[in-house]
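Working notes, structure below.
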Amino acid sequence: MSPSPDTAASVPFATLVIVAVSCALSLTRAAPADLVDARVEALLSKMTLAEKLGQLQQLDGSADGNFKPEHPDLIRKGLMGSTLNVRGAARTNALQRIAMEQPRVAVPLLFAYDVIHGYRTIFPIPLGLAATWDPAVIERAATVSAKESRAAGIRWTFAPMVDIARDPRWGRIAEGAGEDPYLGAAMAAAWVRGFQGDSYAAPERLLACAKHWVAYGAAEGGRDYNTADVSERTLREVYFPPFKAAVDAGVATLMSAFNDLNGIPATANPFTLTDVLRGEWHFGGFVVSDYNAVRELMVHRAAASEAEAAREALTAGVDMEMVSRTFAGEVPKLIEQGRLSVADVDRAVTRVLGTKIMSGLFENPYAPEGAEATVLLSPDHRAAARESAGRSFVLLKNAGHVLPLATTGGPVAVIGPLADDQNALLGSWPGDGRAGDTVSLLAGLRAKLGSGRAVLFAKGCATIACSSTDGFDQAAAIARQTDTVVLAVGESADMSGEAASRSSLDLPGRQLDLVRRIQEAGKPTVVVLMNGRPLTIGWIAEQVPAILETWFAGTEGGSAIAAALVGDVNPGGKLPVTFVRTVGQVPFYYNHKHTGRPPNTTKYTSKYLDVESTPLFPFGFGLSYTSFRLSGLQLSAATIPSDGSIRVEADIENTGARPGDEVVQLYLRRAAASVTPRVETLTAFRRVTLTPGAKQRLSFQLGTAELGMLDRRLRFVVEPGDFQVMVGTSSVEGLTTEFKVTAR
Ligand code: BGC
């Protein structure tokens, strides 16, 4: 599938690349393309080889945001072009001044940071934001994050993370949009629009970076950094679409992944980095490696030396090297030996300089000092974080209408190791967020209930790891004294995210025992889940009357959860990922293939003997405090030609007593095709808000893009055949009807 590494060496010369860069970058409407070309050429002509390689070098600052002692000198010599983690207007400006005051070639530094779901005001984790099924929420979160980042001197975020994840053991599932390529693509585009706006050169915007290119989420066994072996079909059908959406939305950069992909590391993979990205998608920005990933080609045993690693990465299509220094150290020798050409270097430098020019960095290299005080954590930003959190919650169960809680009456017990934990709410990429700024569930509920209801609190377990039952008696005693119990359980922030794979999806330690113990008190109980991945919560789903999934809800998490618990906010989120019954079912995703023996009660069918074949909670599932009814499903035609399009319409009505949101989801099912179809494919969705009694007719247009598929030769075609369309409220519930596509 992948051409030999040498293939890439013959692709574009600098001038050709300049044209490609400026064409793609002109999407940002920041500067005319030929002007960019001319400026890049002028700079290149003045730069020594060492200075060019300096533009390809990104180095890390310290965790506290400071730069390293060696940085000023490296900048003076033109040997580094970008930093990560250096932040704060004063610090970035201090470094930038050195770069800008170089008399011969002054190229501004590009300051990068992982602004994944917030800079200082922290939004819900991306998996939670995906559960909103509302791209506008993501766009706003990214817009706010960009504004805060710019105030702190950051110009480039390593986000969005658009890796499809179908194995919840993989901790980084928290950072993306879940299991589905269509939802993932919609979210990827929204992130890019939010970070970059119409032009990433605008004063409050950032360069975005779609990562990790590619199939990083397909790590074998869900173990982070592990090998991925994925067919080209699955790459194109499942793992590529969110990246393609990011590229189409004008994303400035991509990051190459750590993993080995089908035998060729993603950071040295000419097929993905050059053939697909440049050749097919015409991506004109630049690619940064992941942290130390170029040097790690040696650890993969894919390169025998740093020189080999540098040559492989650069020729495959990595432009900037994060942290390791193989380009700077080895490329001059490789050129001398004739194993690399100056054109290979110029190609990468052209992309980096083109992006820097387009980003307005030369004209506006500095951050406005003083802005941080007013911009970071402003009341508006907190409000945005609170509203997005409110839209991210998924009501998994509400038997006997335990929820919403009354705001007056007898005491409420708030129990659990996560109930007053400010840190967990920040998730695994907290940016510059501070636990002290965060509203815990306990604080949020106390503020919400005021004097209406007393709130009694017991942690139950001393820590989230919950290794002892010591606090159980006290917690159970408190539960008995109250009328309602809110029980906050789940994971700590560092149990998901990078290098945080788990072999079990159960609640950590003795947490489930705590839930059992509290349940014995016999009070109406609500489990509030805080977690970075789907958990196996079968017992809770069976025994506890109400469950609210809140992910890690960010700085305003506690206020938002409190608002949802009392019904000021009606939960309307839907699962962006399947919740399995047991970890042994993994990988389990809704759009799987049929197999020749779909599971049923007879023996020789595709199933496990010891667990049902269904998920605990399916993809797209989520309840509400009100009820909805779908009706009036209608198609504009019963038969269409293969180059035609069809309109699908249905009514959604709020049949309950409260205003609320429903996410109407359209799934396509193919009767048969030249390539085994998936059981169904999410093809459109819309989140609507309806007052009680209100009814809205929704219309979805399906054309070639929606009806097409990759045929046996991986060509995108619309194959004639019979289709079923389901318009539903989850991947397993809805109205269906059929239509036929005929050959032209
Ligand atoms: C992660 C990236 C991140 C980078 C810089 C790496 O370890 O995989 O997602 O952007 O570090 O912090």
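The values are calculated or read from the model by the stated rules, or taken from the named source; none is laboratory data. Note that the structure is a prediction, hence the values are computed from the model and not measured. Don't worry about glycine lacking a Cβ; one is built from the backbone with ideal geometry, like all the others, and counts go over all protein chains shown. Each accessible area value is taken on the protein alone, full model and side chains, heavy atoms only, with ligands, DNA and RNA left out. Shrake-Rupley method; radii C 1.70, N 1.55, O 1.52, S 1.80 Å.
Counting only DSSP beta bridges whose two residues both lie in region 628-742, roughly 95 percent are antiparallel.
The GluC sites (Glu not before Pro) of region 28-90 that meet both conditions, a loop assignment by DSSP and at most 13 other Cβ atoms within 10 Å of the site Cβ, are Glu70. Taken over region 628-742, the alpha-carbon convex hull comes to 84 cubic angstrom per residue. Tell me whether region 511-568 comes out rounded, prolate or oblate; compute the Cα gyration tensor, take square roots of the eigenvalues as a ≥ b ≥ c, and use a/c under 1.5 as the rounded threshold. Note, shape of region 511-568 comes out oblate.
I need the fraction of alpha carbon pairs in the chain separated by more than 53 Å, rounded to a whole percent. So the portion of pairs separated by more than 53 Å is 11 percent.
Per-residue ellipticity at 222 nm computed for the chain from its helices equals -8000 deg cm²/dmol, with DSSP H segments shorter than 4 residues left out and the rest contributing -39,500 (n - 2.57). Taking the accessible area of region 576-615, probe 1.4 Å, and keeping the other protein chains in place, the carbon and sulfur fraction comes to 58%.
What shape does region 384-585 take by its C-alpha gyration tensor, where a ≥ b ≥ c are the square roots of the eigenvalues and a/c under 1.5 counts as rounded, a/b above b/c as prolate, and the rest as oblate? It comes out rounded by the Cα gyration axes. Charge tally for Val331 (other residues, Cβ to Cβ under 13 Å; Lys, Arg +1; Asp, Glu -1): -4.
Give the relative contact order (percent, whole number) for region 226-315; include only Cα pairs under 8 Å separated by 6+ residues. Computed value for region 226-315: 29 percent relative contact order. Compute the Cα gyration tensor for region 587-670, then decide on rounded, prolate or oblate, letting a ≥ b ≥ c be the square roots of its eigenvalues: rounded whenever a/c is under 1.5, prolate when a/b is larger than b/c in the other cases, and oblate in all that remain. It is oblate, given that a/c is not under 1.5 and a/b is not larger than b/c.
Contact order, relative form, for the chain: 14 percent (alpha carbon pairs under 8 Å, 6 or more residues apart, mean separation divided by residue count).
Ranked by the mean number of other Cβ atoms within 10 Å of their residues, highest first, the peptides 166-174, 726-734 fall in the order 166-174, 726-734.
Return the percentage of antiparallel bridges among DSSP beta bridges fully within the chain, rounded to the nearest 5 %. For the chain, the DSSP antiparallel bridge percentage is about 55.
With Cα atoms defining each centre, region 641-699 and region 499-568 are spaced 30 Å apart in the structure. Remark: the chain carries 35 Å² of accessible area per residue (probe radius 1.4 Å; ligands, DNA and RNA excluded).
Taking every DSSP bridge with both residues inside region 384-585, close to 20 percent are antiparallel. All Cα-Cα distances of region 315-455, cut into 10 Å bins from zero to the largest, leave 8, 21, 21, 16, 14, 12, 6, 2, 0 percent in each bin in turn. Sorting 367-379, 259-271, 300-312, 604-616 by their mean Cβ neighbour count within 10 Å, with the most densely packed peptide first, gives 259-271, 300-312, 367-379, 604-616. Restricting region 635-715 to trypsin sites (Lys or Arg not before Pro) that sit in a DSSP loop and have at most 10 other Cβ atoms within 10 Å of their own Cβ leaves Arg712, Arg713, Arg715. Label separation (Tyr604 vs Thr48): 7.5 nm, computed from points 7 Å beyond Cα along the C-beta direction. Label-to-label distance for Thr704 and Ala447 is 5.3 nm, based on points extended 7 Å past Cα in the beta-carbon direction. The distance from the alpha carbon centre of region 158-205 to that of region 309-348 is 29 Å, rounded to a whole number.
The ratio of the alpha-carbon radius of gyration of region 415-526 to the globular-protein estimate 2.2 N^0.38 Å is 1.11.
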